[in-house]
1. What is the percent of Cα-Cα separations in the range A:1-143 that go past 22 Å?
2. Sum -39500 (n - 2.57) across every DSSP H segment of at least 4 residues in the protein assembly as shown, then divide by the residue count to get the 222 nm mean residue ellipticity, nearest 500.
3. So the label point goes 7 Å from the Cα of residue B:178 along Cα→C-beta, right? Which residues of the range B:200-215 then have their backbone N under 20 Å from it?
4. Could you state the number of Å between the C-alpha centres of the range B:121-164 and the range A:95-131?
5. What is the spin-label model distance, in nm, from residue A:170 to residue B:63 if the labels are put 7 Å beyond Cα along the C-beta direction?
6. Could you put A:126, B:127, B:184, B:68 in order, starting from the residue whose Cβ has the fewest other Cβ atoms within 10 Å?
7. For the residues A:56, A:109, what sequence is obtained by ranking on other C-beta atoms within 10 Å, fewest first?
8. At 7 Å along the Cα-to-beta-carbon direction for both residue A:115 and residue A:43, put a label point, then send me their distance in nm to one decimal.
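We did not get these values from a lab; they are worked out from the coordinates using the rules stated. As the structure is a computational prediction, the values presented were derived from the model and not from experiment. Ideal geometry is used to build each Cβ from the backbone, glycine not excepted, and the neighbour counts take in all protein chains shown.
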């Protein structure tokens, strides 16, 4: 019997996020939410999710103004606590972003975040459902699986180290959509808007299933 | 990237309704709506007179429809200000449909794109055949001309609503979809008139058409869309298996 009704996940919203849709899905999983209010919350949260839609610049300005940057890096790289970045929340984990002003990111992962039109052959937003090819086991999904997820973005994560990449998408060229280091997970897609496959990711991250 | 089948849910004072040529005719209970076979849900408030009460009923209706869903949600109907978008955002909307049939909304779209990002905004144009349609009348403005005017100043996708086809089950207005698709390199969502799966297949095969919508209550409440997906896929359509 699972005792998950009391489970609380901490949320750090960056940019113009979409907290309500994540909240709705977490409540479907009987998981409560609490928002980050201090550096201490970031360092002590059992599970931290960073959702976000908007620009890299706005998101980093917000994190810098609140001195959250160093705490996030410490949480991911030293404390190695479970952290999940979604979309913009994943992108800010990189070294540098080119959306808005060129901006330093959290550098949890080495690499950059750049407009997809300057890297890939496609010249439009990556909006809709796309097939994700998993190279490695990743939050309840096995390597070599191809699974559909929902995306809505114009910028992509470009890791320096190919070994960090857990999954890729093809949109006029392949690019990274799931990246992992220790217990820090970055996903470009939206698990909260991807029906069963998204629920698998969230359940696995929150330890709601044995995988 | 898959092409999408969108469940377009129209609400009149918070009650799901069917429209014919944009006039609400039948009202339905939302009890039976099953959104899971769609790729995305778009909820539009079609209330004739909008008030605080009608908006609150609309939002309660959305909550109910999305209660068990993990699909992306777009909301529209009467969005005229940044404040309207902020209010809708609280209900878990990912994208916002802004009616851009009239030029007066262009400045607002620019502001909205700046504030929320291009990928959060869907521009829409209502049309009757070759002409735009606004405030219950067919205008003298040609649809391609209006599409051309907003080709830069718009959201990430353009929703073309055929009022003429709405509720007829005769099929989408492919002639106009094709015309706009050929002259502008913008991703299109086509709405109005779908009656059978071959309509979906035909329209999704037009280049630049990324999605089609159905607001037919039968399609929203039964396994119709699941069956359509199999048929469309068998005939070479690029849709997701749900």
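1. Working: 4478 of 10153 pairs.
Tail of P(r) above 22 Å: 44 percent of Cα pairs.
2. Numbers: 14 runs with 121 residues, N = 453.
Rounded to the nearest 500, it is -7500 deg cm²/dmol.
3. Those under the cut-off are B:200-213.
4. 31
5. For residue A:170 paired with residue B:63, the spin-label model returns 4.5 nm.
6. Lowest to highest Cβ neighbour count: B:68, B:184, A:126, B:127.
7. Values: A:56 26, A:109 29.
Starting with the residue having the fewest Cβ neighbours, the order is A:56, A:109.
8. That separation, rounded to one decimal, is 4.0 nm.
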